[in-house]
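The structure appears right after this line, and notes come after that.
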Amino acid sequence: YLTGCANSRDAARLYRDIPYYDLFQDQFDRFPAHFHINCHPGDRGRGIGAALIDAFVEECAPAARTGVHIVTDPTARNVGFYRRQGMDVTIRRVANGRAFLFMAKSGSSLSRGA
């Protein structure tokens, strides 16, 4: 599945529910769209995740075409997947003793494989 929001600023109510959400609000103008994706381990490596991201970008246009981001753990296995999807902007920050990694790509690099 993939779930997301075309404009992170419009989701400000999440600030109180997601502890790291406001850590990266200074990036929302440049990368307004955000998403969370999960794929069953048995189905990974088959292009499903990349296809979901492509569909999300199309659905959220034009906001997602400006830029899109995710937040993950800097040591998570999915970091490599996001890099392969072109998310070349990375910002690491810490909140309450826990590290978070913001990964993003701008609108100019949103097509698959860019």
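The values are calculated or read from the model by the stated rules, or taken from the named source; none is laboratory data. All of these numbers come straight from a predicted model, not from anything done at the bench. Note that we place each Cβ from the backbone using ideal geometry, even for glycine, and neighbour counts take in every protein chain shown. In case anyone asks, the SASA skips ligands and DNA or RNA and just uses the protein heavy atoms, side chains included. Shrake-Rupley method; radii C 1.70, N 1.55, O 1.52, S 1.80 Å.
Considering only residues in segment 84-104 that are among the charged types (D, E, K, R) and either in contact (Cβ under 8 Å) with a residue 60 or more places away in the chain or part of a strand (DSSP E or B) (or both), the one that is nearest to Ile48 (Cα to Cα) turns out to be Arg92. Among residues of segment 39-60 that are without any contact (Cβ under 8 Å) to a residue 60 or more places away in the chain and under 17 Å from Arg84 (Cβ atoms), those with a beta-carbon under 9 Å from a residue that is surrounded by 12 or more Cβ atoms within 10 Å (Cβ to Cβ) and among the β-branched types (Val, Ile, Thr) at least six positions away or on a different chain give the pairs Cys39/Ile48; Gly49/Ile37; Leu52/Ile37; Ile53/Ile37; Ile53/Val68; Phe56/Ile37; Phe56/Val68; Val57/Val68.
Take Ala104 and decide whether it is surrounded by fewer than 17 Cβ atoms within 10 Å (Cβ to Cβ) and among the small types (Gly, Ala, Ser).
Numbers: surrounded by fewer than 17 Cβ atoms within 10 Å (Cβ to Cβ): no; among the small types (Gly, Ala, Ser): yes.
For Ala104, the condition - surrounded by fewer than 17 Cβ atoms within 10 Å (Cβ to Cβ) and among the small types (Gly, Ala, Ser) - is not met.
Which ones in segment 53-72 are open to solvent by 50 Å² or more (accessible area, probe 1.4 Å) and in a loop (DSSP other than H, G, I, E, B)? Lay out the reasoning, then the answer.
As a first pass, look at segment 53-72 and keep what is open to solvent by 50 Å² or more (accessible area, probe 1.4 Å): 55, 58-59, 62, 65-66.
If the condition is that a residue be open to solvent by 50 Å² or more (accessible area, probe 1.4 Å) and in a loop (DSSP other than H, G, I, E, B), then Pro62 is the only one that fits.
The one condition from (1) closer than 22 Å to Ala99 by Cα; (2) out of contact with any strand residue (DSSP E or B) (no Cβ under 9 Å at 6 or more places or on another chain); (3) open to solvent by less than 30 Å² (accessible area, probe 1.4 Å) that Ala50 does not meet is (1). Looking at segment 33-55 only, could you name the residues that are at pLDDT 90 or above and either of a type in the set (D, E, K, R) or closer than 15 Å to Ser8 by Cβ (or both)? Within segment 33-55, Ala33, His34, Phe35, His36, Arg46 meet the criteria.
Residue-by-condition table, conditions (1) over 15 Å from the mean Cα position of the chain (by Cα); (2) modelled with pLDDT of 90 or more; (3) β-branched (Val, Ile, Thr):
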site	(1), (2), (3)
Cys5	no, no, no
Gln27	no, yes, no
Arg30	no, yes, no
Arg92	no, yes, no
Phe102	no, yes, no
Ser108	yes, no, no
Gly113	yes, no, no
